[in-house]
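Trainee: Sharing a structure here in structure tokens format.
The values are calculated or read from the model by the stated rules, or taken from the named source; none is laboratory data. Model, not experiment: these values are computed from the prediction. Reconstructed Cβ throughout: ideal geometry from the backbone, glycine too, with neighbour counts over all protein chains shown.
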Amino acid sequence: MLSCKEVTHLVSESLDRKLSISERFRMQLHFRICAYCRNFRRQMTFLRQACRRLAEGKAPFDSDQG
Ligand SMILES: [Zn+2]
């Protein structure tokens, strides 16, 4: 089982590279039992989307998802 530290590291990594199947699988297992890491992933994903929208010249937080 991965530790929270390893999972948060993998979440960060996943924003910059594709994780392997086994990495994703072990992360998913951890998310099942750990609300802290689920929240962390959600926040990272949210921030990442906001940054991407800014880079595309769009408003970061409106609800227009196309
Ligand atoms: Zn955790």
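Trainee: Do any residues in the range 23-35 that are in contact (Cβ under 8 Å) with a residue 60 or more places away in the chain and small (Gly, Ala, Ser) have Cβ atoms under 9 Å from those of residues that are assigned to a helix (DSSP H, G or I) and surrounded by 10 or more Cβ atoms within 10 Å (Cβ to Cβ), where the two are at least six apart or on different chains, and which pairs are they?
Mentor: Note: no pairs meet the criteria.
Trainee: Here's a check for you: in the range 6-43, which residue that is basic (Lys, Arg) and assigned to a helix (DSSP H, G or I) is surrounded by the most Cβ atoms within 10 Å (Cβ to Cβ)?
Mentor: ARG41
Trainee: Exactly one of (1) outside any helix (DSSP H, G or I); (2) exposed (fewer than 12 other Cβ atoms within 10 Å of the Cβ) is unmet by LYS58. Its number?
Mentor: Every condition holds for LYS58 apart from (2).
Trainee: Now a separate question. Only one of these conditions is not met by PHE46: (1) more than 16 Å from the ligand (Cβ to nearest atom); (2) over 13 Å from the mean Cα position of the chain (by Cα); (3) surrounded by 11 or more Cβ atoms within 10 Å (Cβ to Cβ). Which number is it?
Mentor: Looking at each condition in turn, PHE46 falls short on (2).
Trainee: Moving on. State whether one or more residues within the range 16-23 are within 16 Å of the ligand (Cβ to nearest atom), of a type in the set (D, E, K, R) and at pLDDT 95 or above.
Mentor: Within the range 16-23 (the criterion being within 16 Å of the ligand (Cβ to nearest atom), of a type in the set (D, E, K, R) and at pLDDT 95 or above), the answer is yes, since at least one residue qualifies.
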